[in-house]
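Structure first, then comments.
Please treat every number below as a calculation from the coordinates, not as lab data. Here the structure is a predicted model, which means the values were calculated and not measured. Every residue, glycine as well, gets a Cβ built from its backbone with ideal geometry; the counts of neighbours run over all protein chains shown.
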Amino acid sequence: SPLLSFPQTLFQSPDEGWQVYTSAQAPDGKCLCTAVIPVQGTCSRDLRSHQLRQLMEKVQNISQSMEVLDLRTYRDLQYVRNTESLMKGLDSRLKVAAESQKSLNAKSFQELKDKMTELLPLLPVLDQYKSDTRLIVHLKEEVRNLSGSLLAIQEEMGAYDYEELQQRVLMLEARLHACMQKLGCGKLTGVSNPITIRASGSRFGSWMTDTMTPSADTRVWYMDGYYKGRRVLEFRTLNDFVTGQNFVQHLLPHPWAGTGHVVFNGSLYYNKYQSNIAVKYHFRSRSVLVQRSLAGAGYNNTFPYSWGGFSDIDFMVDENGLWAVYTTNQNAGNIVVSRVDPQTLEVLRSWDTGYPKRSAGESFMICGTLYVTNSHLAGAKIYFAYYTNTSSYEYTDIPFHNQYSHISMLDYNPRERVLYTWNNGHQVIYNVTLFHVIKTSGEL
């Protein structure tokens, strides 16, 4: 659009960052603006923090080496002390033997040999001492280098120490996210390059964070596979998920079908295997709070997305609440979008989009609009949009880079304003560009 001007970058890291695009005033007095938002936490994954982490690991390794060295030196010193009297005894024997050759008969010669044999284990100990001396010189050099690196970073950072700097970055991030939340809803106009968070699991699966806005819940859930699965891994934070640490396991009472699960306000909403039943499972109490059939909804690969995988029923959450995307025989296989009550799982209202579900690669909701991809394979794009607020649709042409060429889950998270994707055994996120119209008074 000619109204859009150059990007003004608020915070930019090498791969992803904040970009706010602003425009001149529109003729009707309105200001048009779009914004791209990164996932929370990406700012802390910058180069400087990476360098500091590496330095901290080096310090840890050096201190461990020092401890090992200390233990070994102490043990070897004890051994040297114990053999000291043996060496003195041998020394006096050798002096006597050297002064009077006659006294060195076969018996006393054998005794001398035995004493020498007792001292043989001392040789490797002394060798160890020599290599330890070299190691100490190496460690000294490492410590000197580390001190220099830390000093350089400290000078570069100025008055702030690392912890304080990180806190300031996190506070800035939180403020930027709060600002984005105030912008309210917008129309999807672009998708960023993919950011691969982790490569794990099988070809198909789903992963997610809580979609409740606002929420301080940082947990990440991981569900590998598309049918008969019951095992959900819950990680404490995104960082724990990346490293594969700090997780607990939930064993669902009913197995799932497909990958269209969503977590909203601490509960998992999913499709029960071999049925059109929606299940609400609460993580903290580890119990099913409610389950209800979606009347007429196809299941068991009757109306899946183009990749199959029992993906008949897809749950989603956007700024407007909980949705179920599926189809029925009555709707001739076209995608049905239903608003669902998150407490009772009752369908509040439904829309027939007219788009055949089997032709769709995947779909997701943003601000009450269903966006559909034309394929799950390489070369896919966001091809179709259905607006529930006006019950109308349009064909779109929004490209996105399908890096690993097989998407089996694609979901929007309104809290973080990003797309979560499972792409051929890779867990990937995309930032989104939403087009906002803001009145010049600053009100939405």
Derived scalar couplings ³J(HN,Hα) [the range 62-69; Karplus, 6.51 cos²θ - 1.76 cosθ + 1.60; whole Hz; x for Gly, Pro]: 5, 5, 5, 4, 4, 5, 4, 4
Tally Lys and Arg at +1 and Asp and Glu at -1 over the other residues with C-beta under 15 Å from the C-beta of Tyr412: what net charge comes out? -4
What is the set of long-range amide H partners of Ser275 at a cut-off below 5 Å, with H atoms built 1.01 Å from backbone N? Asn300
Too-long pairs where the Cα-Cα distance tops 22 Å, listed order kept, from Lys58/Lys130; Lys357/Lys381; Lys272/Lys357; Lys88/Lys115; Lys58/Lys140; Lys272/Lys381: Lys58/Lys130; Lys272/Lys381
Taking θ as phi - 60°, what are the ³J(HN,Hα) couplings along the range 232-245 by the Karplus curve (6.51, -1.76, 1.60), each to the nearest whole Hz, with x for Gly and Pro? 10, 9, 10, 9, 5, 9, 4, 5, 5, 5, 4, 8, x, 10
Most packed first (mean Cβ within 10 Å per residue), the peptides 263-275, 395-407 order as 263-275, 395-407
Once phi for every residue in the range 357-363 is put through the Karplus expression 6.51 cos²θ - 1.76 cosθ + 1.60 (θ = phi - 60°), the whole-Hz ³J(HN,Hα) values, with Gly and Pro written as x, are 5, 5, 8, 8, x, 7, 8
